[in-house]
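Below is one structure, written out as structure tokens; the observations come after it.
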Amino acid sequence: MKKSLVLLLSLFLFISCDDQNEKKERILVDSSGNINQVTLIIENNLWEGPVGEALRNNFAATVDGLPQEEPTFSLKQIPPETFTGFVRRNRSFIKVEKANEAGVKVLNNVYARPQTGIIISGPNEEEIIRAINEGADKAIAVFKETEMKEKQRRMQKSLGKDQKLEEEFGLSLKFPSIYRYAVEEDGFIWLRKEITKGNMELLIYEVPLNQIEKDTNIIGNIIKMRDSIGEAYIPGPVEGSYMITEEAYAPYLFETEIDGKFAYETRGTWEVKNAFMAGPFVNYAIRDEANNRYLVVEGFVFSPARGKRDNIFELDAILQSAKIK
């Protein structure tokens, strides 16, 4: 009898260890996929009809603040029967399926890590479309968070030295080592990364609190601030030219937080006064009451005739890592 109990206990422990090893193995599998790419698991006939249209309208909507139309996410559709093996390791996916009840469910790290999956279901096409339209904002926010964390994780592999930023502004910023210091002056630092036929730029400076808060025209004050910095520090290719906020279109203004502090987030297009150059920018004015200032961190891109969504996303990942010491 004792031997039987020992054998049963041993068998139980063996099975438990196998289960734990299997779970551990699954946890250790790395997810894959390009930044801002979402895999759609959906039947071909649904993808080609109104359901697919609803998915494209929401998840491939145009990104705000870019000079040309680019989608929020690059969508890759596959039928359900091909969602097996290595394909299941895709970092971000949406699965559309028919079910008795309509709804949107978020799954984390089911087949790989890190991984975010969204299950959209409904009893018919009309209910599935309703679920897509009602749940898209939440799903997009979840995907953006996943992609931002992944981009920042990748940048951690080779970080540049931010000692000069700490000395000048009391700022910690995580940026890839490929960025170099282009300009260093009192109260202003400019970092640059060269890309194919263009550049990606980072600007860091500070202004008094009342420069942005002097009246209710916040966006107008931020534009004036940006333009004055452009005239003082960012010359164009010909004499008398310098960077300004594009005059034809007002930038987008949002309220957000950076390092737990209130910040104005501005997105739009820059141009060069008296020259034909332009591109997108993202600007965070972080309210630092302890030092009676707004600490401004900005990124902008110059890359003619090329997509800039992923460039701006990288700059965003850097800027959102800001911590004021």
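At-a-glance table
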read-out	value
Selection status of S228, at pLDDT 95 or above, surrounded by fewer than 19 Cβ atoms within 10 Å (Cβ to Cβ) and not in a strand (DSSP E or B)	yes
Region 121-141: number of residues that are closer than 14 Å to S92 by Cβ and either touching a Lys or Arg at 6+ places or on another chain (Cβ under 7 Å) or of a type in the set (F, W, Y) (or both)	0
Matching entry among P71, P67 (being open to solvent by 60 Å² or more (accessible area, probe 1.4 Å) and over 20 Å from S31 (Cα atoms))	P67
Region 80-107 residues that are touching a residue at least 60 places away in the same chain (Cβ under 8 Å), paired with ones that are open to solvent by less than 40 Å² (accessible area, probe 1.4 Å) and part of a strand (DSSP E or B) (beta carbon under 8 Å, 6 or more apart)	R89/S32; R91/S32; R91/T116
Scan of region 226-248 for residues that are among the acidic types (D, E) and either in contact with a strand residue (DSSP E or B) (Cβ under 8 Å, 6 or more places away or on another chain) or at positive phi (or both), ordered by number	D227, E231, E246, E247
Selection from region 88-116 of residues that are open to solvent by 10 Å² or more (accessible area, probe 1.4 Å), farther than 21 Å from N45 by Cα and out of contact with any Pro (no Cβ under 9 Å at 6 or more places or on another chain)	R88, R89, N90, K105, V106, L107, N109, V110, Y111, R113, P114
Residues of region 30-43 classified as among the β-branched types (V, I, T), touching a residue at least 60 places away in the same chain (Cβ under 8 Å) and either part of a strand (DSSP E or B) or closer than 18 Å to I120 by Cα (or both), total	1
Residue check, E255 under 25 Å from G307 (Cα atoms), out of contact with any helix residue (DSSP H, G or I) (no Cβ under 8 Å at 6 or more places or on another chain) and among the charged types (D, E, K, R)	no
Hits in region 111-130 - residues which are hydrophobic (A, V, I, L, M, F, W, C) and either over 24 Å from the mean Cα position of the chain (by Cα) or more than 17 Å from N57 (Cα to Cα) (or both)	A112, I119, I128, I129
Any hit, region 254-266, residues being over 27 Å from D162 (Cβ atoms) and touching a Ser or Thr at 6+ places or on another chain (Cβ under 7 Å)	no
Selection from region 189-243 of residues that are hydrophobic (A, V, I, L, M, F, W, C) and farther than 18 Å from V282 by Cβ	L209, A232, V238
Counted residues, region 131-143 - those being in contact (Cβ under 8 Å) with a residue 40 or more places away in the chain and either open to solvent by 60 Å² or more (accessible area, probe 1.4 Å) or within 17 Å of the chain's Cα centre (by Cα) (or both)	5
Filter result (hydrophobic (A, V, I, L, M, F, W, C), under 30 Å from A278 (Cβ atoms) and at pLDDT 95 or above) within region 64-115	F73, L75
Every residue from region 44-62 that is without any contact (Cβ under 8 Å) to a residue 40 or more places away in the chain and in a loop (DSSP other than H, G, I, E, B)	E48, A60, A61
Segments classed as strands (runs of 3 or more DSSP E), wholly inside region 238-325, with at least 2 members that are open to solvent by less than 30 Å² (accessible area, probe 1.4 Å)	242-245, 261-273, 278-288, 293-302
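Residue-by-condition table, conditions (1) free of Cβ contacts under 8 Å to residues at least 24 places away in the same chain; (2) surrounded by fewer than 14 Cβ atoms within 10 Å (Cβ to Cβ); (3) among the basic types (K, R):
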site: E167; (1), (2), (3): yes, yes, no
site: L171; (1), (2), (3): no, no, no
site: R180; (1), (2), (3): yes, yes, yes
site: W190; (1), (2), (3): no, no, no
site: G198; (1), (2), (3): no, no, no
site: E201; (1), (2), (3): no, no, no
site: T216; (1), (2), (3): yes, yes, no
site: I222; (1), (2), (3): no, no, no
site: Y233; (1), (2), (3): no, no, no
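The values are calculated or read from the model by the stated rules, or taken from the named source; none is laboratory data. Keep in mind it's a predicted model, so treat the numbers as computed, not measured. Cβ coordinates were reconstructed from backbone atoms using ideal geometry, including for glycine residues, and neighbour counts include every protein chain displayed. The accessibility values were calculated without ligands, DNA or RNA, using every heavy atom of the protein model including side chains. Shrake-Rupley method; radii C 1.70, N 1.55, O 1.52, S 1.80 Å.
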